[in-house]
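K.L.:
This structure is in structure tokens; I'll ask about it shortly.
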Amino acid sequence: RFHPHDLLVLRSLADAIATAVEGARLYSDLEKRARQLALAAEVSDEVTSILDLDQLLNKVAELIHERLGFPYVYLFTVHPNRGQIIYDGGSGERGRDGLGYALDLNSPEGIIPWVARNGRTLVVNDVSREPLYRPSPFPPDDTRAEVVVPLIYDNQVIGILDLQSDQKQ
């Protein structure tokens, strides 16, 4: 049997444990954020030191891949006058495969064209449930999740950062 005093002590203990758990979570989040900010600073340094666009995009993709652990990182440039989105760099062994591959900017299908037109990030944790999703010629062959982020400068989408995973998130 539990005495009412036991419940009082247990509630007090539970509050202390909850505070400790939340403190540990916050600390973990701060550590992660610090790593992300360090990556942003490193990418900024690369941006200012590399003048060749192809070399720059591949270096940025590799940094994101290595530092944040995303398995498949791709960068595209957006060319509104041509109506195209062109693959210009990526991470991993096959990051150079498909360079120059073009997507139709005005295509009603595809996550990347939608993000390029709308300038908004799209997070898809299960591509089988996303009507915009169309398979990509890039690895993984069995994409399960995708995050597509517009690269915006002067209120214009100038590029796309595409992260793919073979795991549902």
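The values are calculated or read from the model by the stated rules, or taken from the named source; none is laboratory data. Predicted model, so just to flag it, every value in this text is computed and none were measured. Side chains included, ligands, DNA and RNA excluded: accessible areas come from the protein's heavy atoms. Shrake-Rupley method; radii C 1.70, N 1.55, O 1.52, S 1.80 Å.
K.L.:
Amide H neighbours of LEU105 under 5 Å, at least 5 residues apart or on other chains, H built in the peptide plane: list them.
P.N.:
GLN84, ILE85
K.L.:
What is the Cα centroid distance between segment 1-75 and segment 115-138, reported in whole angstrom?
P.N.:
Using only Cα atoms to place each centre, the spacing works out to 24 Å.
K.L.:
So how tilted is helix 53-68 from the main axis of the chain? Cα-based, degrees 0 to 90, rounded to 10.
P.N.:
The helix 53-68 is inclined about 20 degrees to the chain.
K.L.:
Given springs between every Cα pair under 10 Å in a Gaussian network model of the chain, which of ALA34, ALA16, ALA116 has the largest fluctuation?
P.N.:
So, out of ALA34, ALA16, ALA116, the one fluctuating most is ALA16.
K.L.:
What number do you get for segment 1-95 when its Cα radius of gyration is normalised by 2.2 N^0.38 Å, N = residues?
P.N.:
Scaled against compact globular proteins, the figure is 1.91.
K.L.:
Just to verify a number: what accessible area does HIS79 come out at with the full protein assembly present, 1.4 Å probe, Å² rounded to tens?
P.N.:
In the full protein context, HIS79 sits at about 50 Å².
K.L.:
Excluding ligands and nucleic acids, what accessible area in Å² is computed for LEU30 using a 1.4 Å probe, to the nearest 10?
P.N.:
So the heavy atoms of LEU30 present about 120 Å² to solvent.
K.L.:
Calculate what fraction, in whole %, of the accessible area of segment 1-118 sits on carbon and sulfur atoms when a 1.4 Å probe is rolled over the protein chains.
P.N.:
That share works out to 56 percent.
K.L.:
Per residue of segment 102-117, in order, report the coupling 6.51 cos²θ - 1.76 cosθ + 1.60 (Karplus, θ = phi - 60°) as ³J(HN,Hα) in whole Hz, putting x for Gly and Pro.
P.N.:
Result, ordered by residue: 10, 10, 7, 4, 9, 5, x, 10, x, 5, 4, x, 4, 5, 4, 6 Hz.
K.L.:
What are the residues whose amide H is under 5 Å from the amide H of SER136, where those residues sit 5 or more places off or on another chain and H is modelled from the backbone?
P.N.:
none
K.L.:
Given springs between every Cα pair under 10 Å in a Gaussian network model of the chain, which of GLU46, GLU22, GLU109 has the largest fluctuation?
P.N.:
Result: GLU22 has the largest fluctuation of those listed.
K.L.:
Now for a separate question. Tell me the Kirkwood hydrodynamic radius of segment 83-157 in angstroms, computed as one over the mean inverse distance between distinct C-alpha pairs.
P.N.:
About 13.2 Å, per the Kirkwood formula over Cα pairs.
K.L.:
What's the whole-number percent of alpha carbon pairs in segment 101-145 lying beyond 12 angstrom?
P.N.:
Counting pairs separated by more than 12 Å, the tail of P(r) holds 61 percent.
K.L.:
Now for a different question. What would the Debye formula give as log10 I(q)/I(0) at q = 0.14, 0.15 Å⁻¹ for the alpha-carbon point model of the chain, no solvent?
P.N.:
So the normalised log intensities work out to -0.77, -0.86.
K.L.:
Working from the pairwise distances between different alpha carbons, so that the mean of 1/r is found and then inverted, what is segment 1-57's Kirkwood radius in Å?
P.N.:
The answer is 15.3 Å.
K.L.:
Report Rg (one decimal) and Dmax (nearest whole number) for segment 39-110, counting Cα atoms only, units Å.
P.N.:
Taking only Cα atoms of segment 39-110, I get Rg and Dmax of 13.1, 37 Å.
K.L.:
Separate question: Tell me the accessible surface of THR77 in square angstrom (1.4 angstrom probe, heavy atoms of protein chains only), to the nearest ten.
P.N.:
20 Å²
K.L.:
In terms of modelled amide H atoms, which long-range or inter-chain residues lie less than 5 Å from the amide H of TYR72?
P.N.:
The list, which skips near neighbours in sequence, is GLN164.
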